[in-house]
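Notes follow the structure.
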Ligand SMILES: CC(C)(COP(=O)(O)OP(=O)(O)OC[C@H]1O[C@@H](n2cnc3c(N)ncnc32)[C@H](O)[C@@H]1OP(=O)(O)O)[C@@H](O)C(=O)NCCC(=O)NCCS
């Protein structure tokens with residue numbers, strides 16, 4: 001998944017096995033430390049691993065702070081509604097269990113599939129929140145959009 005150019009189109013470099021494994025180890029450590037983080041996503045009927053979804057602290061240096069939701073699925077798992085289903089479970093955990101007042105989501109302006117997930121789960125974008133990611137060099141991955149959902153806005 002992390003070495004697939006289609007999956008990585010809006011994320012940056014392709015990851016080697018070593019870098020991918022290191023990111024999973026980091027996810028595990030952050031989860032243990034904070035009590036929330038990234039979880040594996042499996043197809044309920046079969047138990048097949050298809051990717052991950054979860055919550056993360058917004059990186060330092062961004063023009064906003066908070067907790068963000070995210071997702072990444074292997075290419076064959078796209079187009080089945082799995083990301084939105086997982087994301088709704090993550091939102092429920094963030095609001096109902098962790099008691100977060102608001103959850104954010106960030107992606108590149110060009111990542112229309114990810115933005116569609118954000119809209120499907122009830123998040124909204126104010127164009128005034130659009131920003132250039134200061135950690136990314138000039139190029140197509142620099143312009144980013146910010147979506148939000150407040151606990152009070154959930155139906
Ligand atoms: C972003 C990403 C997770 C979106 O996955 P996705 O499968 O398009 O998203 P959803 O789970 O919401 O699925 C919606 C699609 O499933 C279809 N679908 C099929 N059966 C469905 C069902 N039972 N329920 C809901 N949707 C269903 C929908 O019609 C929609 O199809 P469409 O895109 O052709 O309109 C995926 O593209 C990805 O992993 N990208 C690479 C990583 C990435 O960019 N992550 C985000 C970084 S911010």
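Coordinate-derived values only; no laboratory data. On a predicted model such as this, the values are computed, not experimentally measured, just so you know. When we count neighbours, we look across all protein chains shown, and the Cβ atoms used for this are built from the backbone with ideal geometry, even at glycine.
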Normalising by the residue count of region 68-137, find the relative contact order in percent from Cα pairs under 8 Å and 6+ residues apart. 33
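Ranked from highest to lowest mean number of other Cβ atoms within 10 Å per residue, what is the order of the peptides 127-134, 111-118?
Working: 127-134: 12.0, 111-118: 17.6.
Those peptides, ordered most packed to least, come out 111-118, 127-134.
Ranked highest first by the average count of other Cβ atoms within 10 Å around their residues, in what order do 72-83, 140-151, 19-30 fall?
On the way: 72-83: 15.7, 140-151: 17.7, 19-30: 12.9.
Output ranking for 72-83, 140-151, 19-30: 140-151, 72-83, 19-30.
Roughly what % of Cα-Cα distances in region 79-121 sit above 11 Å, to the whole percent?
When every Cα pair of region 79-121 is considered, 67 percent fall beyond 11 Å.
Starting from the eigenvalues of the Cα gyration tensor, five times each then square-rooted, give me the equivalent ellipsoid semi-axes of the chain, largest first, whole Å. Walk me through the numbers on the way to the answer.
Values: eigenvalues 91, 83, 54 Å².
Sorted largest first and rounded, they come to 21, 20, 16 Å.
So for the chain, averaging the separation of alpha carbon pairs under 8 Å that are six or more residues apart and normalising by length, what relative contact order in percent results?
Working: 228 pairs, mean separation 28.0, N = 155.
Answer for the chain is 18 percent.
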Apply the Debye scattering formula to region 88-155, with a single equal point scatterer on each alpha-carbon and no solvent, then give log10 I(q)/I(0) at q = 0.20 Å⁻¹. -0.81
Write down the Kirkwood hydrodynamic radius of region 40-88, to one decimal in angstroms, obtained as one divided by the mean of 1/r over all alpha carbon pairs. 12.0
Give the distance, in whole Å, between the Cα centre of region 89-122 and the Cα centre of region 35-85. 10
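Which value at 222 nm does the chain reach when only helices count, each DSSP H run of 4 or more adding -39,500 (n - 2.57), with the total divided by all residues and rounded to the nearest 500 deg cm²/dmol? Before the final figure, lay out each step's value.
Numbers: 3 runs with 38 residues, N = 155.
So the calculated ellipticity at 222 nm is -7500 deg cm²/dmol.
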Mean Cα-pair separation over length for region 100-155, i.e. relative contact order, pairs under 8 Å, 6 or more apart, %: 51
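Averaging over all projection directions, find the projected area of the Cα convex hull of region 29-120 and quote it in nm² with one decimal place.
On the way: hull surface 27.4 nm².
Result: 6.9 nm².
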